[in-house]
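Here's the structure we're looking at; comments come further down.
Each value in this text was obtained by applying a stated rule to the coordinates, not by laboratory testing. Remember, predicted model here, so these are calculated numbers, not experimental data. Using ideal geometry, Cβ is built from the backbone for each residue, glycine included, and neighbour counts are taken over all protein chains shown.
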Amino acid sequence: MWIWLGGIGVLFALLIAAVLISNVHVHFIFSKHKSDDYANIHVRLLYGMVRINYEIPSIVFRNMKEGFLVKTEQSMNHSRGEAQGSERVNKRKVKKWAKDVNIMLRATDALKLWLKQTLTRVHMTQLSWSTHIGIGDAAYTAVLTGWIWSIKSIIIGFLTYQVRFEKTPVLQVTPVWSDEMEFRTELDCRLKIRVIAIMVAGVTLLTRVLQVEGGWRMWFKLLQEQRRRRKKKQKQKLSGTTL
């Protein structure tokens, strides 16, 4: 009997170890061609047994006041249309996000340092970024091409100090020599991080929150506010479909 119990215990320990050393894979795609925008985030964990797909098929700019209307679609394990919705991103929403971030900074001891330490555990397994640009004038197109090269180099240089690159990023900027304006960009990147690294980051974050007097209360109120907004949004969506 003890042999069976020992075998079950070893099997359970191996299962836990397999989960802890497994990776969470994130595949992000973004493309823009003139007025057509598309983004997709695909998350795979537990050796592919759990898959979450978050798709943004449309990003529409209304005006300076209304901002962007972002349509979303979320699915899990290959099911489609599980959750659809839209999000309006405007100046008011950005200010609210900035306010929430400020609360997090005040409620957590050295939150920026925690974020930097967590990012060092992220591995960038692939990054490719291609851009085609043309503004109808050869001289200005050449200058703009150089600027875009510089901007991409600065961004990639910054990222190399934040995450670990397993492969050299593939960057491309192609000038379009035509009389018409042309802009097309495609970004494809793949990330991975171990489950145990996420758990350690979570425990470290909790410790830093508890080190601040009243920190957990501020986080609790912030999470409650987020939950209240989500419920309000769902009610508005249900009332709209009912009408």
Rounded if a/c under 1.5, otherwise prolate or oblate - the range 98-206, Cα gyration tensor axes: prolate
Taking the Cα centre of the range 100-240 as the origin, how large is its charge dipole in debye, to the nearest 20, when only Lys and Arg (+1) and Asp and Glu (-1) carry charge on their Cβ atoms? 1400
Quick one: which residues, 5 or more positions from residue 136 or on another chain, have an amide H under 5 Å from its amide H? H modelled 1.01 Å from N in the peptide plane, none for Pro or chain starts. 178, 182
What distance in nm lies between label points placed 7 Å from Cα along the C-beta direction at residue 187 and residue 130? 1.7
Express in nm, to one decimal, how much length is gained between residue 117 and residue 139 on full extension, taking 0.36 nm for each residue of separation and deducting their alpha carbon distance. 3.5 nm
First measure r as the distance between the Cβ atoms of residue 221 and residue 32, then evaluate 1/(1 + (r/R0)^6) with R0 = 35 Å and state the FRET efficiency to the nearest 0.05. 0.40
Calculated FRET efficiency, residue 10 and residue 42, Cβ-Cβ r, R0 45 Å, to nearest 0.05? 0.85
Cross-link list 91/232; 99/232; 32/192; 96/231; 34/152: which exceed 22 angstrom alpha carbon to alpha carbon? 32/192
